[in-house]
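Let me begin by presenting the structure, written as structure tokens, before commenting on it.
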Amino acid sequence: MKAIQDYLDAEVAARNCEDELCFERPDPLLIARRSMDQHHALTCALFAYGSAKAIVAFLSSLEDDLYDTNESDLRHKLKGKYYRFQTTEDIVQWFRTLGALREIGGAEKVFMQGYKETGIIGGVTSLISTLYDLNSYRSTGYQFLIGKPIDTVNKASAMKRWMMYLRWMVRHDALDMGLWKEVKQSDLIMPLDTHTFNVSRRLGLLERKQCDMKAAIELTEMLKRFDPLDPLKYDFALYRIGQEKLL
């Protein structure tokens with residue numbers, strides 16, 4: 001296990017630089033970092049599914065402050081725009097919801113209400129539930145974008161996009177933005193996607209065969225053996241190792 005830690009530590013050190021975020025090796029964090037805004041970053045995180053190139057192309061086409069735009073202008077600016085499962089109306093409604101979230105104090109405030117009671121899971125559930133409360137609009141694409149509140153860890157998906165968003169907000173280095181100051185890095189849960197899941201299984205860091213919340217927590221606990229205070233520092237490196245097919 002020491003050899004694996006040394007390998008991952010070297011990958012973390014090599015990739016913790018701004019050059020790692022570029023259009024040649026696209027990642028949604030590249031777009032999120034442009035404005036260093038928690039609400040634009042949430043948009044970048046929740047639309048981060050599909051190919052990295054397509055994600056970055058779509059996010060690059062959006063203005064950073066659409067959540068602060070009135071509905072008439074919003075519809076004009078987003079006319080004809082769509083992304084995979086999200087129609088133009090889904091995207092318009094998302095930015096209306098995001099604007100309403102900002103008006104009641106913002107993502108961090110709502111997250112902290114749940115986090116203080118039941119940790120990361122509670123914080124995410126608080127945010128998701130509030131987003132639905134703020135807008136009665138529903139569609140398959142809109143609900144896919146936001147996801148479901150976590151009723152029980154045993155039945156929850158890995159919630160990769162939400163956990164990635166929290167990594168961006170809480171950690172602070174050359175990659176992650178560190179905009180939120182009251183959440184402990186050690187409380188974060190790994191943003192588990194196919195790349196990270198497969199690499200972690202190959203390295204012997206993860207035994208669970210299903211890519212879900214229980215697997216994300218299992219991997220997080222394993223990485224705490226390497227760094228108990230900041231286990232998610234390994235996330236970007238594990239993702240890139242899989243994306244670049246290095247293992």
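The values are calculated or read from the model by the stated rules, or taken from the named source; none is laboratory data. Bear in mind the structure is a predicted one, so any value in this text is a computation, not a measurement. Here Cβ is always computed from backbone atoms with ideal geometry, including for glycine, and neighbour counts include all displayed protein chains. For the accessible areas, the whole protein counts, side chains as well, though only heavy atoms, and no ligand, DNA or RNA atoms are used. Shrake-Rupley method; radii C 1.70, N 1.55, O 1.52, S 1.80 Å.
Mind putting together the pair-distance distribution for segment 1-102? All Cα pairs, 5 Å bins, whole percent per bin, short to long.
Taking all Cα pairs of segment 1-102, the binned fractions are 2, 12, 20, 20, 16, 10, 7, 5, 4, 2, 1, 0 percent.
Tell me what the chain gives for mean residue ellipticity at 222 nm when only DSSP H runs of n ≥ 4 count, each as -39,500 (n - 2.57), the sum divided by the residue total, rounded to 500 deg cm²/dmol.
Working: 12 runs with 138 residues, N = 247.
Theoretical 222 nm ellipticity from helices: -17000 deg cm²/dmol.
Please report, to two decimal places, log10 I(q)/I(0) for segment 103-161 at q = 0.23, 0.30 Å⁻¹ as given by the Debye formula with identical point scatterers on the Cα atoms and no solvent.
Rounded to two decimals, the profile gives -0.99, -1.29.
In nm², what is the average projected area of the convex hull enclosing the Cα atoms of the chain?
Values: hull surface 50.2 nm².
If I average the Cα hull's projected area over directions, I get 12.5 nm².
Among A32, A100, M213, whose Cα projects farthest towards the positive end of the dipole of the chain, with charges put on the beta-carbon of Lys, Arg (+1) and Asp, Glu (-1)?
M213
If a/c stays under 1.5 just call it rounded; otherwise compare a/b with b/c (prolate if a/b is bigger, oblate if not). Do that for segment 41-145, with a ≥ b ≥ c from the square roots of the Cα gyration tensor eigenvalues.
Details: a/c = 1.89, a/b = 1.48, b/c = 1.28.
Here segment 41-145 falls in the prolate category.
Considering only protein heavy atoms and a 1.4 Å probe, what is the carbon-and-sulfur percentage of the accessible area of segment 1-133? All intermediate terms of the calculation are to be shown ahead of the outcome.
Values: 3030 of 6210 Å².
That fraction is 49 percent.
At E244 and K81, where each label point lies 7 Å from the Cα along Cα→Cβ, what is the point-to-point distance in nanometres?
My value for the distance between the label points is 3.2 nm.
Give, to the nearest whole percent, the P(r) tail of segment 143-247 beyond 15 angstrom, counting all Cα pairs.
Taking all Cα-Cα pairs of segment 143-247, the fraction more than 15 Å apart is 62 percent.
For a protection proxy built on the mean count of beta-carbon atoms within 10 angstrom, sort 17-23, 116-122 highest first, please. Before the final figure, lay out the partial values.
Values: 17-23: 12.7, 116-122: 15.9.
Result, highest mean first: 116-122, 17-23.
Hey, any idea what % of segment 154-247's accessible area is carbon plus sulfur with a 1.4 Å probe? Walk me through the intermediate numbers first.
Working: 1860 of 3970 Å².
In segment 154-247, the share of accessible area belonging to carbon and sulfur is 47 percent.
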